[in-house]
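Inspection log for the structure reproduced underneath, given as structure tokens.
The values are calculated or read from the model by the stated rules, or taken from the named source; none is laboratory data. All of these numbers come straight from a predicted model, not from anything done at the bench. Positions of Cβ are backbone-derived with ideal geometry, glycine not excepted, and every protein chain shown enters the neighbour counts.
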């Protein structure tokens, strides 16, 4: 019998439970290579490309654009050309019966939700996933981000690591109070979170301003950072896109904010209205604008980066890697130059400031490799 | 973040603003309840329990039970707003506006203009609207088009608990008179609502979902009806954008026009009576400004031009349903495609 492959609703991130096809890029009857983009999948957070898991011919589009279905539901069928229509019908019928049965079972399983813990540094919201006895990875988002920035990456690493993505103060569901906003203060906030969760040392992954925080952790408590993975980090040069920082703080409406968010990605089409709405939901909260201004004043006064952390990074004895999108419009990729020889630098073409979202699979592999995984 | 009902979302918005700002006061019939009567204080919290608990937290100084005299207490609230308070007055059912409309449209709405821009009137009037509550024709109307017609008033019609909290806090902080509409059958609807205070700006529509074939603009409770219709239509391969204007004054016409330019088809769902309502207003403005984008005639889904019937069967038939909306969308899709001008 010819090989038939189910195309199913992918799971982008631990919290994703459903999604829809925003658009099909292949019509039934078209030949598809493995890894080729065949559809856009839209979730409440982001629109992302769906890459074909197999080579063959797209035989059926089971799901029409716009219809919301649970993760794992059948959206289409790819098969070798010799598969008959009857075989494909039988395949679909069998898949649907099995999926329904498993779904009923799975409904009792809890989905991953962010949790909150009080620490001496304030209330922290975090999302934990993965075996509790495995080596820990801590994810630190950038200015204006939150733990959802790791939604594509975290599940890929949660199989073999104890992963914790947290919201920095002033962000997401963590405290909106920011007494001190410098990297050292934010590092202490992360360390307090690790204390509260019983994590002695962790592989630290930081993005943008969170990269500067990661370096500050290595500076404050080098024994608690097992390795550093820095994605488009702040702290390695003085340039910063001041228009982005100001625009992000000031945008109150979707139209303004969409234009600002688009500068984060090499492909602006990744920014859907839902993503904008999710960021607006954060920005609408009382205290957020003030917290963002406090952070921006501390980190990026007069449109320049205030904290130079190259020397601190050089002193860190553990393994370090720097990951940068070549099309980064927020912090120039040139900041990755001139680092110590031991620092591994990885550059991605056609990627902007958000390599962990734009190239989640590759970035996850790099982090796992540095952390001593396979 | 936790699940909250529409009722809890409104209550929390009022409580948090009263905690933040001592000039925020509540007034209305039974908003505390039981004033001057023996028995439990604060027994009512309004006819549907929306303001329950606020009188015991803030006292009778800030939660004022008023006589059944809308003309007096709405007028008093307008005057108090002019003199520095931020009153939130409850006009129990919007159907009662007839007895206090002078205070609203000749006084509160005009102060800013008639005093040369020197007067602020930070007044909120909360009021219940809508059919489906078996409350007959004098307690079931959707009179927001009448307020939308009057310059100087802002008109807010939240479509969910999240929207209600953010829009009510914005209304209280706004320096102009705001009429805030709460649909009585939505009070038990639940969704995730942040615990912290937040504001949603007026005049910016919400894209509830995005599609390619048809734009459905829906007002207030009709947003959930339109979303159900869009779910059903998606299974048939018709993909709909659902737009919630949030506020009818100011109205985010730009988002509606942008969406119509994308889809070329427009269906407007409004629970208000069909003549001179929000649907007719939006329809006229879209025809005037984006006629070239339309591939098919605009359709409106509204109740018939009658009072809301008291017979439950007739009342149910009166309200635009997901089925009716879906049928109208199908007819729009089926109408011969007009060659839209390039």
*asked:* Only one of A:259, A:234, A:254 is at negative phi and modelled with pLDDT of 95 or more. Can you tell me which?
replied: A:234
*State whether one or more residues within the range B:119-133 are surrounded by fewer than 23 Cβ atoms within 10 Å (Cβ to Cβ) and without any contact (Cβ under 8 Å) to a residue 40 or more places away in the chain.*
yes
*At least 1 residues that are touching a strand residue (DSSP E or B) at 6+ places or on another chain (Cβ under 7 Å) and within 21 Å of residue A:367 (Cβ to Cβ) in each: list the strands (runs of 3 or more DSSP E) lying fully within the range A:98-206 that qualify.*
A:122-129, A:136-140, A:162-166
*asked:* Tell me which helices (runs of 4 or more DSSP H) are completely within the range A:226-297 and hold 2 or more residues being assigned by TED's automatic domain parsing to the domain that holds residue A:346 and more than 26 Å from residue B:243 (Cβ to Cβ), or say none if there are none.
replied: A:242-250
*Across the range A:173-209, what is the total count of residues that are surrounded by 24 or more Cβ atoms within 10 Å (Cβ to Cβ) and within 14 Å of chain B (Cβ to nearest Cβ)?*
1
*Which condition breaks for residue B:187 when tested against (1) within 12 Å of another protein chain (Cβ to nearest Cβ); (2) buried (at least 18 other Cβ atoms within 10 Å of the Cβ)?*
(1)
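For the structure I just gave you, tell me whether residue B:317 is surrounded by 13 or more Cβ atoms within 10 Å (Cβ to Cβ), under 23 Å from the mean Cα position of the chain (by Cα) and closer than 20 Å to residue B:205 by Cα.
no
Quick grid of which residues meet (1) at pLDDT 95 or above; (2) under 20 Å from residue B:252 (Cα atoms); (3) part of a helix (DSSP H, G or I):
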site: B:126; (1), (2), (3): yes, no, no
site: B:134; (1), (2), (3): no, no, no
site: B:138; (1), (2), (3): no, no, no
site: B:147; (1), (2), (3): yes, yes, yes
site: B:151; (1), (2), (3): yes, yes, no
site: B:163; (1), (2), (3): yes, yes, yes
site: B:172; (1), (2), (3): yes, no, yes
site: B:180; (1), (2), (3): yes, yes, no
site: B:192; (1), (2), (3): no, no, no
_Tell me yes or no: at least one residue of the range B:254-266 is within 14 Å of chain A (Cβ to nearest Cβ), crowded, with 19+ Cβ neighbours inside 10 Å and on the phi > 0 side of the Ramachandran plot._
no
*Of (1) in contact with a helix residue (DSSP H, G or I) (Cβ under 9 Å, 6 or more places away or on another chain); (2) in contact (Cβ under 8 Å) with a residue 60 or more places away in the chain, residue A:192 satisfies all except one. Which?*
(1)
*Residue in the range B:62-71 that is closer than 26 Å to residue B:319 by Cβ and touching a residue at least 12 places away in the same chain (Cβ under 8 Å) present*: no
*Any chance the range A:235-246 includes a residue that's crowded, with 24+ Cβ neighbours inside 10 Å and either in contact (Cβ under 8 Å) with a residue 60 or more places away in the chain or under 16 Å from residue A:306 (Cα atoms) (or both)?*
yes
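Can you tell me how many residues within the range B:292-314 are part of a helix (DSSP H, G or I) and either over 28 Å from the mean Cα position of the chain (by Cα) or not assigned by TED's automatic domain parsing to the domain that holds residue B:229 (or both)?
Count: 2.
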*Would you mind telling me which numbered condition in (1) part of a loop (DSSP other than H, G, I, E, B); (2) more than 14 Å from the chain's Cα centre (by Cα) residue B:158 fails?*
(2)
*asked:* If residue A:167 satisfies all but one of (1) within 14 Å of chain B (Cβ to nearest Cβ); (2) out of contact with any helix residue (DSSP H, G or I) (no Cβ under 9 Å at 6 or more places or on another chain), what's the number of the condition it fails?
replied: (2)
*In the range B:259-275, the residues that are assigned to a helix (DSSP H, G or I) and in contact with a helix residue (DSSP H, G or I) (Cβ under 9 Å, 6 or more places away or on another chain)*: B:260, B:261, B:262, B:263
*Any residue at all in the range B:169-176 that is within 13 Å of another protein chain (Cβ to nearest Cβ), more than 12 Å from the chain's Cα centre (by Cα) and within 22 Å of residue B:145 (Cβ to Cβ)?*
yes
_helices (runs of 4 or more DSSP H) (entirely within the range B:1-108) containing at least 2 residues that are in contact with a helix residue (DSSP H, G or I) (Cβ under 8 Å, 6 or more places away or on another chain) and modelled with pLDDT of 95 or more_ = B:6-20, B:70-82
_Condition check for residue A:339: in contact (Cβ under 8 Å) with a residue 12 or more places away in the chain, assigned to a helix (DSSP H, G or I) and either touching a strand residue (DSSP E or B) at 6+ places or on another chain (Cβ under 8 Å) or crowded, with 20+ Cβ neighbours inside 10 Å (or both)_ = no
_For residue B:308: the one exception among (1) over 23 Å from residue B:213 (Cα atoms); (2) surrounded by fewer than 23 Cβ atoms within 10 Å (Cβ to Cβ); (3) more than 14 Å from every other protein chain (Cβ to nearest Cβ)_ = (2)
